[in-house]
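The values are calculated or read from the model by the stated rules, or taken from the named source; none is laboratory data. Small disclaimer: the values here were computed from a predicted structure and weren't measured. Here the Cβ is made from the backbone with ideal geometry for all residues, glycine too, and neighbour counts use every protein chain on show.
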Amino acid sequence: SDSHFPVPLSPSHVDYSLHYPQYFPSSDKVDGSNKVQFADIGCGFGGLLISLSTLFPETLMIGMELRDKVTEYVKERISGLRVAHPGQYQNVSVVRTNSMKYIPNYFEKGQLSKMFFLFPDPHFKEKNHRRRVISPHLLDEYAYVLQVGGIIYTITDVEELGDWMESCLENHPMFEALSNEELEADPAVKLLSSATEEGQKVARNGGQTYQAVYRRITPAS
Ligand code: SAM
């Protein structure tokens, strides 16, 4: 059940100073200039966030995870890293929530520059496709919270889901695929198959992966 965690009324009700205390000295708490820019949706055990944290040390990022115990694990992992490496990992945090319901409660219009969907649950049966984290309807929401030029990264080892995510993105008027040159130049792309626990499992088993990386655009009028 996902009924036992607090849901902020709006992004302005989220006290991000609790997540990133080093970035919110008490004197400029109201300034609001430090905003989360990356979201890892269904972050699992947090491997991607940990890698992104040192790759983009000035960017605030958050994982969203539905499972309580997994979220607690990621919280502890981050506090442990903060203690072991003073000054590092201050830009990364996690929240327990249902991302399919509450994305707009956490992020304002155009706030995010990157959203990650790494190895999401496949929900094979047709009647369960509405539970997939990428869908035409949810892409409307992601387009809303992403800034123009922001990027959605998806990867899976399930071919059918890979096709589904790619066709949802391809058919959405507010997204366009990155070119091969752009994919190669983007350091985040390199992490998709290697940084997360699920990605490492797939790699160990020699599994194939299917990625789709799309940019938020302004639709042609
Ligand atoms: N991204 C991680 C990785 O690559 O290792 C985890 C992949 S795991 C297969 C999918 C994760 O998504 C699980 O941890 C699950 O609890 C989480 N999840 C599923 N539905 C969710 C939802 N509606 N909101 C937030 N997290 C969700």
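Checking residue 47 against (1) within 16 Å of the chain's Cα centre (by Cα); (2) at pLDDT below 90, only one condition comes out false. Which one?
Answer for residue 47: the failing condition is (2).
Take region 62-75 and flag every residue that is out of contact with any helix residue (DSSP H, G or I) (no Cβ under 6 Å at 6 or more places or on another chain) and within 17 Å of residue 115 (Cα to Cα). Step through it out loud before you land on a result.
Our first condition is that a residue be out of contact with any helix residue (DSSP H, G or I) (no Cβ under 6 Å at 6 or more places or on another chain); within region 62-75, this holds for 62, 66-75.
Scanning region 62-75 gives 62, 66.
Filtering region 47-59 down to residues that are more than 8 Å from the ligand (Cβ to nearest atom) and under 16 Å from residue 154 (Cα atoms), which residue is surrounded by the fewest Cβ atoms within 10 Å (Cβ to Cβ)?
Step one: list which residues in region 47-59 are more than 8 Å from the ligand (Cβ to nearest atom), which gives 49-59.
Narrowing the set further to residues that are under 16 Å from residue 154 (Cα atoms) leaves 49, 52.
On the way: 49: 27, 52: 23.
The selected residue is 52.
For residue 105, state whether it is loosely packed, with under 13 Cβ neighbours inside 10 Å and within 13 Å of the ligand (Cβ to nearest atom). Even if it seems obvious, please write down each step before you answer.
Values: loosely packed, with under 13 Cβ neighbours inside 10 Å: no; within 13 Å of the ligand (Cβ to nearest atom): yes.
No: the conditions fail for residue 105.
Quick one: residue 162 ticks every box in (1) within 15 Å of the ligand (Cβ to nearest atom); (2) surrounded by fewer than 17 Cβ atoms within 10 Å (Cβ to Cβ) bar one, so which box is it?
Status for residue 162: all satisfied but (2).
Here are some conditions: (1) over 19 Å from residue 45 (Cα atoms); (2) crowded, with 17+ Cβ neighbours inside 10 Å; (3) not hydrophobic (A, V, I, L, M, F, W, C). Residue 157 meets all but one. Which one does it not meet?
So residue 157 meets the others, but not (1).
Scan region 54-64 and give yes if some residue there is over 27 Å from residue 109 (Cα atoms), in contact (Cβ under 8 Å) with a residue 24 or more places away in the chain and of a type in the set (Phe, Trp, Tyr), otherwise no. Outline the logic, then answer.
Step one: of region 54-64, the residues over 27 Å from residue 109 (Cα atoms) are none.
So far as region 54-64 goes, no, none of its residues is over 27 Å from residue 109 (Cα atoms), in contact (Cβ under 8 Å) with a residue 24 or more places away in the chain and of a type in the set (Phe, Trp, Tyr).
Condition test on residue 71, is it closer than 23 Å to residue 133 by Cβ and in contact with a Lys or Arg (Cβ under 6 Å, 6 or more places away or on another chain)?
Details: closer than 23 Å to residue 133 by Cβ: yes; in contact with a Lys or Arg (Cβ under 6 Å, 6 or more places away or on another chain): yes.
In short, yes.
List every residue pair whose Cβ atoms lie under 8 Å apart, where the two residues are 6 or more positions apart in sequence or sit on different chains, the first residue falls within region 192-216 and is over 17 Å from residue 167 (Cβ atoms), and the second residue, located anywhere, is in a loop (DSSP other than H, G, I, E, B) and more than 10 Å from the ligand (Cβ to nearest atom).
Matching pairs, first to second residue: 192/209; 193/209; 199/209; 200/194; 202/209; 203/194; 216/174.
Of all the residues that make up region 111-146, how many are within 13 Å of the ligand (Cβ to nearest atom) and not aromatic (Phe, Trp, Tyr)?
15
Could you say which residue among 209, 156 is in contact with a Pro (Cβ under 9 Å, 6 or more places away or on another chain) and modelled with pLDDT of 95 or more? Talk me through it step by step, then tell me what you get.
Numbers: 209 fails: in contact with a Pro (Cβ under 9 Å, 6 or more places away or on another chain).
Exactly one of 209, 156 is in contact with a Pro (Cβ under 9 Å, 6 or more places away or on another chain) and modelled with pLDDT of 95 or more, namely 156.
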